[in-house]
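Peer 1: Shown below is the structure under consideration.
The values are calculated or read from the model by the stated rules, or taken from the named source; none is laboratory data. Please read these numbers as outputs of a predicted model, since none were measured by experiment. Neighbour counts run over all protein chains shown; Cβ positions are idealised from the backbone, glycine included. Accessible surface is based on the protein model in full, side chains and every heavy atom, while ligands, DNA and RNA are left aside. Shrake-Rupley method; radii C 1.70, N 1.55, O 1.52, S 1.80 Å.
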2 protein chains.
Amino acid sequence: MDTTKRARYDSYEAPACPVEASLELIGGKGKGILLYHLLEGKLRFNELGRRTGGMTARMLTKQLRELEFVGLVRRDVYPEIPPKVEYSLTAAGVSLTPLLHLLKEWGEQHAIELLNNLKTPQ
Amino acid sequence: MDTTKRARYDSYEAPACPVEASLELIGGKGKGILLYHLLEGKLRFNELGRRTGGMTARMLTKQLRELEFVGLVRRDVYPEIPPKVEYSLTAAGVSLTPLLHLLKEWGEQHAIELLNNLKTPQ
DNA sequence: CCGGATCCCCGATGATACTG
DNA sequence: CAGTATCATCGGGGATCCGG
């Protein structure tokens, strides 16, 4: 069974608000970086791991499986020794391009600063 | 103390990736809808509650406090009987306008459909 | 009207070890 | 290389009741 993929979407009610629906799909932990790096093209599992720094293999697998399950990411397995698995964006995933760029831009211009100022409040 | 506001930001390490930083700020449960409705202008607590449907008062308070704490939302209290509290966007909050509209657009065009197709897979 | 305080459960996540 | 299995933890979030 593919309960691993479904996991967090079992007995799940889609939000009526489109803004929430979008955030539901791309807002998971680490999904932002993963999608952003996949804009470059196909990437292998460990390569994605390297680019996301502190993500454990377990989390990496989980987030990628969820992205695959909702239809934003494609997973291609090459039955070789050693194994080779490539991840890439589906058409729906590619349609995220402007959104991901805007998220990056706003992050650079506002988010990073807002988060850093939390340490020295008032 | 304002530990209530800080809560989820205590012992918190800001993400290096700007995309993740943005999602960290606006990706919380219900934050998307809240920010989106606040684009219209000042709104009172119960009015926000009505617009967000299934959100409990507790969650509403929590999310609004976090948005206030990071500097995206301003909270104005009018010491009256009965109490009156108005929420509005700060300058940083207003700077989210294009991002929120894009999130809504992508949600309408892709996210809603992707989420609905999860019920009838394969 | 706008919350605060408490109790409590369960899923999300980390650490670690193992495998085809 | 690309994961899986298992254990343990921890905090998010619902339910409920209380207060100015």
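Peer 1: Does any residue of region B:96-108 turn out to be over 26 Å from B:Pro18 (Cα atoms) and charged (D, E, K, R)?
Peer 2: Looking through region B:96-108, none of the residues is over 26 Å from B:Pro18 (Cα atoms) and charged (D, E, K, R).
Rundown of residues vs (1) touching a Leu at 6+ places or on another chain (Cβ under 7 Å); (2) more than 10 Å from DNA strand C (Cβ to nearest atom); (3) among the β-branched types (Val, Ile, Thr), yes/no style:
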site: A:Leu34; (1), (2), (3): yes, yes, no
site: A:Glu40; (1), (2), (3): no, yes, no
site: A:Asn46; (1), (2), (3): no, yes, no
site: A:Gly49; (1), (2), (3): yes, yes, no
site: A:Arg65; (1), (2), (3): no, yes, no
site: A:Glu68; (1), (2), (3): no, yes, no
site: A:Glu80; (1), (2), (3): no, no, no
site: A:Ser88; (1), (2), (3): yes, yes, no
site: A:Ala92; (1), (2), (3): yes, yes, no
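Peer 1: Where residues in region A:38-70 are open to solvent by less than 40 Å² (accessible area, probe 1.4 Å) and facing chain B (nearest Cβ under 10 Å), which of them is farthest from DNA strand D (Cβ to nearest atom)?
Peer 2: Taking the candidates together, the pick is A:Val70.
Peer 1: Turning to a different aspect of this structure: Does B:Gln109 fit the bill of being over 30 Å from A:Gly54 (Cα atoms) and modelled with pLDDT under 95?
Peer 2: no
Peer 1: In region A:11-37, which residues are open to solvent by less than 10 Å² (accessible area, probe 1.4 Å), touching a residue at least 24 places away in the same chain (Cβ under 8 Å) and more than 13 Å from DNA strand D (Cβ to nearest atom)?
Peer 2: A:Ser22, A:Leu25, A:Ile26, A:Gly30, A:Lys31, A:Gly32, A:Leu35
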